[in-house]
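In what follows, a single structure is set out as structure tokens and then discussed.
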């Protein structure tokens, strides 16, 4: 029977029987590309009339006798942390990021570090020539390491080379969008080619017990290009993030079958490649430090008397990270105030401004609001609500937040400040960096709950309602608190 062509969307992977200018699933224009599917399996497969050539499965117990081979340590502590403590043999890792962010640089450094430690590492590039990779290796100072280098795009040739007893411990494929299977008629980079090439390479990793790292392109929205099923097929998905104007690069794990998700590793781009940053909190707060390396100066002293800044004690994976939240509130000359947000969720900012207006009697939403997370880090946890509110109120009232105070807590629509997880770890990190106090949510006295304790002399102030935070940052002569209700208002003296 003649094989009928089909049309696959290169954005979402949806399949259509005929070509159309617009994908009905995701709405992308001119994204349908003709592909010839593989031959369908026999209709009798899976029917109850006999095995039809299949073999019975051998079920085993959940508990095994062997713990498996140990992890490979790359020698790059930040990369090993994000991967859950090292590279697991037989696993497949997908690394995505913007063009020029440093994906190839980081993986070449990791392969060279493994090879220098006695492991067998191979680097296969489908985008660059051999001389280009050699020039990068010279710049990074790893040209003398015994990394096996090759330039290839055919998955058949790669499988034929690596599918033997002399297979390397680590294989870097740069990138999966350039690989192709000669059994498919579509062009490299299409949905079927990316899915088919990844399936073959994952099967090789499981069969030979080697670590396969796939470099993936990203779309303009920042997501890994190709079918979404590609992220489900691999064991670990890492995103390499960073701003062009900053030298910091953040490696974030969004999926990890062998470790914690949302773990981050921080790197600094230099002329010698990527240098790991073991203490990112001190790096993100470098502009606030004084000559002694402590935040601000004397306790209670405002850093530069600048309003609109608050230090947030966050958690990225298992690591506490302190960053500065910066806000600017200015009168809006337009009918619709402007919102500019960098590093945080714009929808959550709208919620915080609405709570400040409705529950605390402020007029924040009528102004232009500019919010920035210093250092190029992106914050996704709701524990930053209280720090964002502190920065907004500080910018509105022109009252600086004390420089030796860290802030964290989640804000509800009623204005109540809700407790967050890992409070003790956040306080411990703040105390280590020299902070003197913290504004934290009140923990209920229920079963297993307790207030955050002071860590190494760090004094905590419990904030139960958002109006209590406003009372601390609004000028005292202009405050009048109504004890009969939760709503507070700013009034004239």
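The values are calculated or read from the model by the stated rules, or taken from the named source; none is laboratory data. Since we're looking at a predicted model, the values are computed, not measured. In this analysis, Cβ positions are derived from the backbone assuming ideal geometry, glycine residues included, and neighbour counts consider all displayed protein chains.
Scanning region 236-258 for residues that are surrounded by fewer than 20 Cβ atoms within 10 Å (Cβ to Cβ) and either touching a strand residue (DSSP E or B) at 6+ places or on another chain (Cβ under 8 Å) or assigned by TED's automatic domain parsing to the domain that holds residue 14 (or both) returns 241, 247, 248, 254, 255, 257, 258. Residue under question is residue 224, and the condition is that it be at pLDDT below 85 and buried (at least 18 other Cβ atoms within 10 Å of the Cβ); does it hold? Criteria met by residue 224. Within region 113-138, the set of residues being closer than 22 Å to residue 82 by Cα and assigned to a helix (DSSP H, G or I) comprises 113, 114, 115, 116. Of the numbered criteria (1) closer than 24 Å to residue 280 by Cβ; (2) surrounded by 20 or more Cβ atoms within 10 Å (Cβ to Cβ), the one residue 378 fails is (2). The residue of region 259-268 that is modelled with the highest pLDDT, among those that are surrounded by 17 or more Cβ atoms within 10 Å (Cβ to Cβ) and either more than 12 Å from the chain's Cα centre (by Cα) or not assigned by TED's automatic domain parsing to the domain that holds residue 200 (or both), is 267. When region 113-127 is limited to residues that are free of Cβ contacts under 8 Å to residues at least 40 places away in the same chain and under 16 Å from residue 210 (Cα atoms), the one that is surrounded by the most Cβ atoms within 10 Å (Cβ to Cβ) turns out to be 115. From the list 420, 393, the one residue that fits, being touching a helix residue (DSSP H, G or I) at 6+ places or on another chain (Cβ under 7 Å), part of a loop (DSSP other than H, G, I, E, B) and surrounded by 22 or more Cβ atoms within 10 Å (Cβ to Cβ), is 420.
Does residue 110 satisfy the criteria of being surrounded by 15 or more Cβ atoms within 10 Å (Cβ to Cβ) and part of a loop (DSSP other than H, G, I, E, B)?
Answer is no for this residue.
Restricting to region 188-198, name every residue that is in contact with a helix residue (DSSP H, G or I) (Cβ under 7 Å, 6 or more places away or on another chain) and on the phi < 0 side of the Ramachandran plot.
188, 194, 195, 197, 198
Scanning for something under 20 Å from residue 189 (Cβ atoms), under 31 Å from the mean Cα position of the chain (by Cα) and outside any helix (DSSP H, G or I), does region 161-169 turn up at least one residue? No, every residue in region 161-169 fails to be under 20 Å from residue 189 (Cβ atoms), under 31 Å from the mean Cα position of the chain (by Cα) and outside any helix (DSSP H, G or I).
Conditions tested, residue by residue: (1) under 13 Å from residue 170 (Cβ atoms); (2) more than 24 Å from the chain's Cα centre (by Cα); (3) touching a residue at least 40 places away in the same chain (Cβ under 8 Å).
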{"site": "61", "(1), (2), (3)": "no, yes, no"}
{"site": "65", "(1), (2), (3)": "no, yes, no"}
{"site": "70", "(1), (2), (3)": "no, yes, no"}
{"site": "73", "(1), (2), (3)": "yes, no, yes"}
{"site": "76", "(1), (2), (3)": "yes, no, yes"}
{"site": "81", "(1), (2), (3)": "no, no, yes"}
{"site": "86", "(1), (2), (3)": "yes, no, no"}
{"site": "96", "(1), (2), (3)": "no, no, yes"}
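The single condition from (1) surrounded by fewer than 19 Cβ atoms within 10 Å (Cβ to Cβ); (2) on the phi < 0 side of the Ramachandran plot; (3) modelled with pLDDT under 90 that residue 233 fails is (3). Criterion first (out of contact with any helix residue (DSSP H, G or I) (no Cβ under 9 Å at 6 or more places or on another chain), surrounded by 14 or more Cβ atoms within 10 Å (Cβ to Cβ), touching a residue at least 60 places away in the same chain (Cβ under 8 Å) and more than 30 Å from residue 157 (Cβ to Cβ)) does residue 282 satisfy it? So residue 282 passes the test.
Any residue that is modelled with pLDDT under 90, in a loop (DSSP other than H, G, I, E, B) and touching a helix residue (DSSP H, G or I) at 6+ places or on another chain (Cβ under 6 Å) - is there at least one of those in region 469-476? Yes. Note on region 235-274: residues that are in contact with a helix residue (DSSP H, G or I) (Cβ under 7 Å, 6 or more places away or on another chain) and part of a loop (DSSP other than H, G, I, E, B) total 5. Count of region 329-349 residues, restricted to those that are within 20 Å of residue 466 (Cβ to Cβ), in contact (Cβ under 8 Å) with a residue 12 or more places away in the chain, in contact with a strand residue (DSSP E or B) (Cβ under 7 Å, 6 or more places away or on another chain) and outside any loop (DSSP other than H, G, I, E, B), is 4.
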